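Data first, discussion second: the structure below is written as structure tokens.
The values are calculated or read from the model by the stated rules, or taken from the named source; none is laboratory data. As the structure is a prediction and not an experimental result, all values here were calculated from the model. Note that each Cβ is placed from the backbone with ideal geometry, even for glycine, and that neighbours are counted across all protein chains shown. Just so you know, the surface numbers come from the protein's heavy atoms only, side chains and all, with ligands and any DNA or RNA stripped out. Shrake-Rupley method; radii C 1.70, N 1.55, O 1.52, S 1.80 Å.
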Amino acid sequence: MGGLVDLFQQPSFVVAVTCLLVVLALAAFYYFWRSHKERKAHDDALTHERELRQQFDAVMSSARDGVIISRSTGEIAMMSDMAAHILGLNAADAVGKPVMRLPVRALDAHMHPLLVNEAFAPTEPGQSRVVGVPGRRGADDVRWIQVRTANVESEHDGTTITVTTIMDTSGLREAAEALNRSDMQFRKAMENAPTGMALVDLEWRLMEANRAFAEMMGSTVAALRGTPFSALSHPQDLQAEHDQLQRLYDGHQNHFSLEKRYVRADGNVVWAVLDVGLVRYAGGAPDHYVVQVRDSTDDRMHSELLAHRAMHDPLTGLANRTLLHDVLQQVLEQPDAQGRAGVIAVDLDGFKGLNDRFGHATGDNALVHVAGVLRSATAGRGTVARIGGDEFVIVVQDDDCAKALFEIAGAIHTGLKQPLQVKRHLITVNASLGIAMADESTVDGGAPALLSAADAAMYRAKSSGKSRTEVFDISMRASTDTHSALAAELARAIENGDLVLHYQPVLELSTRTVVGYEALVRWQHPTRGLLLPGAFLPLINDKKLSVVLGTALVDQAAGFLARVASDTAWVSLNVSADQLGDSEFADRVLSTIGRHRLSAQRIVVELTEASLVAPNTRIRHELTELRNAGVPILLDDFGTGVSPLSYLRDLPVSGVKLDMSFVAGIPEDPAGARVSRALGALARELGLATIAEGIETEAQARFLSNCGWRYGQGWLFGVAQPAAAIFAATTEFSTSMIDPLPQEDTVDSNVESPR
Ligand code: C2E
Ligand code: CA
Ligand code: CA
């Protein structure tokens with residue numbers, strides 16, 4: 001024991017033990033420190049891995065591609081849900097399994113057999129491979145997936161992991177197939193489309209075109225392929241096309257339409273509406289153009305025809321008044337118009353007479369003939385226009401205008417000497433011409449001033465013997481206001497009693513005997529020839545004047561009746577509403593009847609439905625006065641008014657005159673025929689006399705007679721003629737054949753009513 005104590009008491013021993021204890025303590029500390037550090041590192045690694053896993057899952061949940069991470073040993077460390085979904089596996093089950101054993105099919109004949117084993121073997125950087133995996137829809141279903149791998153060195157422990165991305169390409173393939181299919185369908189549709197279609201490359205060269213397109217261009221699909229599209233264009237339309245294409249290419253528009261001309265292989269020009277769209281790649285870069293072309297030649301022709309019609313006289317094809325004004329205005333606006341421009345006013349002599357004598361159809365022929373003469377006389381030195389019935393104007397533009405004007409005028413007179421064949425007659429039409437040159441005052445006054453100067457010269461030609469040419473001079477200026485001058489002339493003519501009645505026979509349709517006449521007023525104008533009512537009645541704007549005219553014509557008609565062969569034939573007078581209202585007309589009619597000792601039924605009054613819109617009580621009173629005295633009242637232009645029945649009910653009407661617009665359509669126009677029949681039945685039902693006007697053909701006469709129209713008038717039976725011509729023709733008439741006009745409540749019971 002002492003030895004042990006001694007040992008303890010030896011200093012070297014104590015140092016040794018102390019050292020040992022210190023070493024032991026240090027060792028224990030180190031051990032604890034070490035194991036703590038290791039545990040912490042392990043815990044850190046786990047946390048890190050969990051975090052990574054969470055981040056991985058979060059990123060992967062939104063990715064389209066599936067991701068598999070495998071260790072260098074080849075076992076799967078992680079698999080994203082998408083990857084599991086694509087492969088049809090459970091992600092948790094897959095972890096820990098070797099990646100090479102993932103299910104892959106060797107179904108595709110095009111697939112290299114190696115790929116089955118090495119489906120998930122590393123790929124070259126940037127490369128991928130496509131492999132088949134079993135689909136979910138049965139044994140034959142294969143889904144095609146694209147595999148791409150990349151090796152990543154772990155910073156954590158220096159090991160290498162492999163990241164494999166897989167993408168299901170089945171959808172893409174289907175889309176590509178569908179695209180292919182729809183492309184084929186598109187091509188098929190394009191081939192058979194009735195409108196022209198073409199695919200055009202960015203150099204505007206035809207890549208593909210359909211048959212309709214080729215036919216339109218007068219070529220074949222094969223010949224067109226590769227042709228520059230511009231080569232087919234009309235040269236004048238190239239620029240417009242180019243500009244639009246540029247805008248399309250630059251993205252300023254998605255599409256454009258353009259109407260333009262193409263020149264066919266045979267040299268003919270076609271109009272087409274071009275629709276162009278630009279097809280772009282997904283990224284927006286232009287790829288090619290899709291072009292539709294519709295032949296618009298017919299539409300174009302149609303609209304050009306309409307435009308032409310709006311500016312031309314349909315009968316002669318000459319410019320109409322509108323176009324004439326435009327042309328003349330343009331000519332006068334040119335800086336050197338004075339001395340280089342002029343007009344010739346042309347008015348036919350005796351044209352109204354010709355129309356009356358031979359009818360409107362002949363009149364029309366004559367106008368066409370005259371138009372031809374004017375055209376050839378002008379010979380391209382100006383514009384020929386027809387501005388009214390028998391009025392023409394030629395606008396001349398020539399360096400030596402005066403000379404041209406006289407040459408043209410001379411050529412017109414010469415040309416008109418050539419007679420025109422009308423049925424069995426040869427007729428010549430003459431014209432009076434007035435020339436006016438553009439001068440200071442007409443240039444200032446524009447087209448109307450120059451035209452009225454030429455007109456004044458033309459009137460001078462008429463008044464100094466017709467069929468000649470006069471040139472405007474300042475002395476004619478006073479009469480250039482022709483309208484008011486004519487109105488003043490008319491007033492004088494009415495006061496002087498210069499207006500005359502012509503008589504058109506009215507026949508009983510069943511027996512074809514003349515029973516009466518319609519009196520139609522004419523003005524034998526000293527320079528303008530015989531004027532029809534349409535040319536001058538509208539100029540009367542003074543009620544007093546129309547009463548004077550009306551009463552003067554009553555006297556004329558009574559004078560005619562006194563001399564006509566039959567003592568029962570009647571004359572009907574056209575009366576306008578403004579002649580009525582103060583009983584002057586009725587007084588004159590009744591006193592004239594008395595003076596000439598005529599039966600009251602022999603003077604008949606015609607009133608148009610139009611002039612009776614809202615007849616006032618004074619007019620109604622005057623008409624009743626006449627009717628009570630035995631003067632029949634006829635409703636003229638029957639069927640054209642707003643409410644014919646109300647007139648028949650409210651006015652003391654004895655008969656109706658069927659408007660000639662209905663007669664004109666008989667028998668071809670079923671509506672005209674139906675209306676004629678219905679109105680006839682109505683009038684008869686109401687006990688009214690029935691007269692049809694404007695009968696020009698035998699067929700019309702027969703049809704109307706068959707559906708109950710008792711009387712008729714028209715060119716078939718005779719045009720309106722001066723009294724003297726009637727007297728000459730009717731001397732052989734048997735008076736017993738003439739019936740008076742039917743009359744309701746007649747006061748003269750001697751006269752037998754034909755009803
Ligand atoms: P309205 O009373 O309807 O006269 C019939 C018109 O047709 C007349 O034209 C006549 O010449 C024309 N006509 C006769 N038969 C035929 C035919 O078979 N075919 C064709 N297409 N036309 C035919 P007009 O003489 O130019 O008279 C036009 C109008 O002037 C008359 O139409 C009448 O409303 C009015 N009018 C005529 N004379 C007088 C009158 O003395 N006083 C008044 N206030 N008006 C009158
Ligand atoms: Ca009439
Ligand atoms: Ca009429």
**Message:** Tell me yes or no: at least one residue of segment 73-94 is among the polar types (S, T, N, Q), more than 20 Å from Q54 (Cβ to Cβ), open to solvent by 30 Å² or more (accessible area, probe 1.4 Å) and at pLDDT below 85.
**Reply:** no
**Fill in**
Condition set in a loop (DSSP other than H, G, I, E, B) and at pLDDT 90 or above, scope segment 624-647, selection nearest to ligand 3 (Cβ to nearest atom): answer is P632
**Asked** Which residues, taken from segment 655-694, are more than 16 Å from ligand 3 (Cβ to nearest atom), open to solvent by 50 Å² or more (accessible area, probe 1.4 Å), under 20 Å from L716 (Cβ atoms) and not charged (D, E, K, R)?
**Response** P667
**Breaking point among (1) at pLDDT 95 or above; (2) within 16 Å of ligand 2 (Cβ to nearest atom); (3) farther than 24 Å from R492 by Cβ, for S611** = (1)
**Message:** Looking at (1) open to solvent by 10 Å² or more (accessible area, probe 1.4 Å); (2) farther than 24 Å from D400 by Cα; (3) of a type in the set (V, I, T), which one does V370 not meet, given that it meets all the others?
**Reply:** (1)
**Message:** Taking the criterion of being more than 13 Å from ligand 1 (Cβ to nearest atom), of a type in the set (S, T, N, Q) and either within 25 Å of A724 (Cα to Cα) or surrounded by fewer than 21 Cβ atoms within 10 Å (Cβ to Cβ) (or both), would at least one residue in segment 544-558 satisfy it?
**Reply:** no
**Asked** Can we say Q246 is open to solvent by 50 Å² or more (accessible area, probe 1.4 Å), of a type in the set (S, T, N, Q) and either touching a Lys or Arg at 6+ places or on another chain (Cβ under 6 Å) or within 19 Å of L202 (Cβ to Cβ) (or both)?
**Response** yes
**Message:** A562 - would you say it is over 30 Å from G363 (Cα atoms) and open to solvent by 30 Å² or more (accessible area, probe 1.4 Å)?
**Reply:** yes
**Prompt:** For L598, are the conditions met, namely being among the hydrophobic types (A, V, I, L, M, F, W, C), more than 16 Å from ligand 1 (Cβ to nearest atom) and either under 27 Å from A729 (Cβ atoms) or not in a loop (DSSP other than H, G, I, E, B) (or both)?
**Reply:** yes
**Prompt:** Could you say whether any residue in segment 330-337 is part of a loop (DSSP other than H, G, I, E, B) and open to solvent by less than 60 Å² (accessible area, probe 1.4 Å)?
**Reply:** yes
**Prompt:** Do any strands (runs of 3 or more DSSP E) lying entirely in segment 252-321 carry at least 1 residues that are among the hydroxyl-bearing types (S, T, Y) and open to solvent by 50 Å² or more (accessible area, probe 1.4 Å), and which ones are they?
**Reply:** 255-263
**Request:** Go through (1) surrounded by fewer than 19 Cβ atoms within 10 Å (Cβ to Cβ); (2) over 32 Å from the mean Cα position of the chain (by Cα) one by one and return the number of the condition D390 breaks.
**Result:** (1)
**Request:** State whether one or more residues within segment 511-529 are within 25 Å of H621 (Cβ to Cβ) and either in the same structural domain as N355 (by TED's automatic domain parsing) or open to solvent by 10 Å² or more (accessible area, probe 1.4 Å) (or both).
**Result:** no
**Selection count, segment 706-717, where residues are among the small types (G, A, S) and either in contact with a His (Cβ under 6 Å, 6 or more places away or on another chain) or modelled with pLDDT of 95 or more (or both)** = 2
